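This report concerns only the one structure given below.
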There are 2 protein chains.
Amino acid sequence: MKSNSSVPTLEDVAKLAGVSKSVASRALSGKNRPIAADKKARVTEAAAQLGYVANPFAQSLINQSTGMIAIVVNHISDISDLALFDLLIQSIQSIGKQTLFVRLRSEKDIADIKRSPFVHRVDAALIFSDLIEPEEAPHLFYTDKVIMLNGKKADAGLSVTINEALGIEQAIINAYERSIKRAVLLCGRKTSITEKQRVLSYQQSMAKYGIDIELLAYCDYSYESALAYLSNHTLDIQNLGIFCTSDAMAMAAVDYCREQYRDVVERQAIYGFDNTFFSQIRSYFFSTIGYSKQEFIDLIIQLLKTEKFENGEARHLSVDSEFYFR
Amino acid sequence: MKSNSSVPTLEDVAKLAGVSKSVASRALSGKNRPIAADKKARVTEAAAQLGYVANPFAQSLINQSTGMIAIVVNHISDISDLALFDLLIQSIQSIGKQTLFVRLRSEKDIADIKRSPFVHRVDAALIFSDLIEPEEAPHLFYTDKVIMLNGKKADAGLSVTINEALGIEQAIINAYERSIKRAVLLCGRKTSITEKQRVLSYQQSMAKYGIDIELLAYCDYSYESALAYLSNHTLDIQNLGIFCTSDAMAMAAVDYCREQYRDVVERQAIYGFDNTFFSQIRSYFFSTIGYSKQEFIDLIIQLLKTEKFENGEARHLSVDSEFYFR
DNA sequence: CTGAAAGCGCTAACAT
DNA sequence: ATGTTAGCGCTTTCAG
């Protein structure tokens, strides 16, 4: 609390303007409540003069609405690209909401959501963390507006997912056209459901185009893990494609091949995932799979802006992924 | 608001436990208020049974404390930011607070802070954005606990800054020892005060060690801007050091030299800033200047945890920067 | 140790 | 169009 002075309340404003609290409230409410123009002006003037800012706690006690939206993640780096994170916060602010960031390290942290009253009472929650199951999500928040963005979805509920199979198939077709016959598949966390689905898509498309998976390894999406793994293996690079489920791992593949084979492996035989900045810079430059972040966020915002869903109405939206050839 | 049911209030809990609201309140308060053990147990039990979670708005209306901390940034564009914020959010949560992320695109957005009542009423604000001047910071928030982390500080007030001159001098000494006589200095935003200070440190140290600044360019910290700039210039690489005020620009310098001079420029003649992940990976690997993020955050948390500051007491803490030689 | 009652600051009925 | 009044759910005196 401010030590120097007490904060003006609506009552102070009303007094200064010479009206009742209700009139003052209506004048400042924004919604076009009936009020005399001159009084409205006097109230606005008085509020400005006192530097009045409404107490949100009193307001929310009545509205039951906070104007806050929770973003729930495992780590921030989960959000594969900063651009997404940055754009998302910006979009949330542009619809007049604020962003509450919740970081979950493990299942143990989930209970804290309920224990943290403000988080529990957000207007909506965006779930990026795969630690939260679609069934339990509704119990964690006071609001029904819980949007699953972690690839999981409950029958009843809201979600935006990425159709990854599409971009993956396009990548495999590209490999096929370039006569790649054999593949190394560097994957991320084995326990992740989305990762499992992703790997399945790779396997199906590769089977379809006659590409053999010779090595399938689970790393942890990171540069270091992939580099460590590759360093322990000798690859026969004839007709080989290296497919990675993150751009960071693809960077490791590029570095590994550069050192090991002095670029004998065509750089284009390495495929990343996420379409980050790094797939485009000079020292790396590999093809990758991604999606339109703007489109993804637009769908989220669309759900956020929908005032009312029919009781239990489900909305499962999806963004197509895409192959980015370099 | 949840559509299916009404939420239990303290009154419901009290009724179920067969006690008064006050007793129920005291039982759940956490602070050791006098109360009979059996009643306390009954209340706790009743609360659990109903799945009671206190309404934070009613509580805050009395406490004037939200348990929320605002992080105010321009944007989150930098990888160095990611690691920092991830750690910071985790630390904030570990002291039982929640994180409100506020993104400022320009000065115009500053007024929105006051207009957004919840942001205005946070328990503390961490100012990373350099759009906010130390003089105006106290007027934007209801709390006195506004910590400037943007390199600016008011005489009265709280701040944690990085002593960048230290790491910069170490870098220049390294260059001197490696017989570098001439320098290109790739800087960031010209309008930034911290950047101005940083450039000054480079100039002073270089003057001291007899290194000539032949080219001083303002880019925008990004890979693209630096690469574009370098591509338009021909460098005489004899005894040349390329000093960049961001790792991203140093990456561009590495790529530029690799293509232009086929690595004739020793890679060690390129100096980055921020000690990001990228200064350590195979394809780049350059020396850089950084600081301990943990130490920085520990100081912030220390300020956050200090209950009361003497009226108007100032606290200006500082973290030493360091040269990371690769 | 407990309960009744006041009140935090605001909004929304409801009578003027 | 305006003022009065009754809460929103909680904590905290203040008497018992």
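Miscellaneous remarks
- Pseudo-label separations to other copies for B:SER292 - Cα-to-Cβ vector, 7 Å, nm: 4.8
- Efficiency of FRET from Cβ geometry, A:ALA228 and A:LYS181, R₀ 30 Å, rounded to 0.05: 0.70
- Gaussian network model of chain B, springs between alpha carbon atoms under 10 Å - residue of B:PRO56, B:PRO34, B:PRO134 with greatest fluctuation: B:PRO34
- Angle of helix B:193-208 to the longest C-alpha principal axis of chain B, folded into 0 to 90 degrees and rounded to 10: 40°.
- Inter-site label distance for A:THR306 and B:GLN238 at 7 Å from Cα along Cβ, in nm: 7.0
- Within chain B, helix-based [θ] at 222 nm, where runs of 4 or more DSSP H residues each add -39,500 (n - 2.57), nearest 500: -12500 deg cm²/dmol
- Three-way shape label, chain A, alpha-carbon gyration tensor, a/c 1.5: prolate
- By the Cα gyration tensor, the stretch B:65-182 has an equivalent ellipsoid whose semi-axes, rounded to whole angstrom, run 32, 16, 14 from largest to smallest.
- Taking the stretch A:176-326 and dividing mean pair separation by its residue count, relative contact order in percent (alpha carbons under 8 Å, at least six apart): 20
- Note on B:ILE62 and A:LYS21: the model spin-label points, each 7 Å out from Cα along the C-beta direction, lie 1.8 nm apart.
- Local electrostatic count at A:LEU215 - Lys and Arg +1, Asp and Glu -1, tallied over other residues with Cβ under 12 Å: -2
- Per residue convex hull volume, Cα atoms of the stretch A:185-316, in Å³: 131
- Relative frequency of Cα-Cα separations exceeding 20 Å in the stretch A:35-114, percent: 58
- 14 Å beta-carbon shell around A:ALA37, net charge (K/R +1, D/E -1): +3
- Dipole orientation for the stretch B:97-241: of the candidates B:ILE211, B:SER106, B:ILE237, B:SER106 has the Cα lying most toward the positive pole (charges on Cβ; Lys, Arg +1; Asp, Glu -1).
- 0 to 90° range, to nearest 10: angle between helix A:247-261 axis and chain A longest Cα axis: 30
- Ranked from shortest, the separations from the 7 Å Cα-to-Cβ label point of A:ALA111 to its equivalents in the other copies are 4.8 nm.
- Cα gyration tensor shape of the protein assembly as shown, rounded if a/c is under 1.5, else prolate or oblate by comparing a/b with b/c: oblate
- Too-long pairs where the Cα-Cα distance tops 32 Å, listed order kept, from A:LYS152/B:LYS39; A:LYS208/A:LYS293; B:LYS152/B:LYS208; A:LYS114/B:LYS15; B:LYS31/B:LYS145; A:LYS145/B:LYS153: A:LYS152/B:LYS39; A:LYS145/B:LYS153
- In nanometers and ordered shortest first, the copy-to-copy spacing of the A:GLN238 label point, defined 7 Å from Cα toward Cβ, is 5.1.
- Relative contact order (%) - criterion: Cα under 8 Å, at least six apart; region: chain B: 14
- Evaluated with a Cβ-only charge set (Lys, Arg +1; Asp, Glu -1), chain A carries a dipole of roughly 1320 debye about its Cα centre, given to the nearest 20.
- Using C-alpha pairs below 8 Å separated by at least 6 residues, the relative contact order for the stretch A:9-103 is 24 percent.
- Folded to 0 to 90 degrees: helix A:164-177 orientation relative to chain A principal axis, Cα: 30
- The value obtained for the stretch A:207-252, namely the Cα convex hull volume divided by the number of residues, is 84 Å³ per residue.
FYI, it's all coordinate maths here, none of it is from the lab. Because the structure is a prediction, the values reported are computed rather than measured. When we count neighbours, we look across all protein chains shown, and the Cβ atoms used for this are built from the backbone with ideal geometry, even at glycine.
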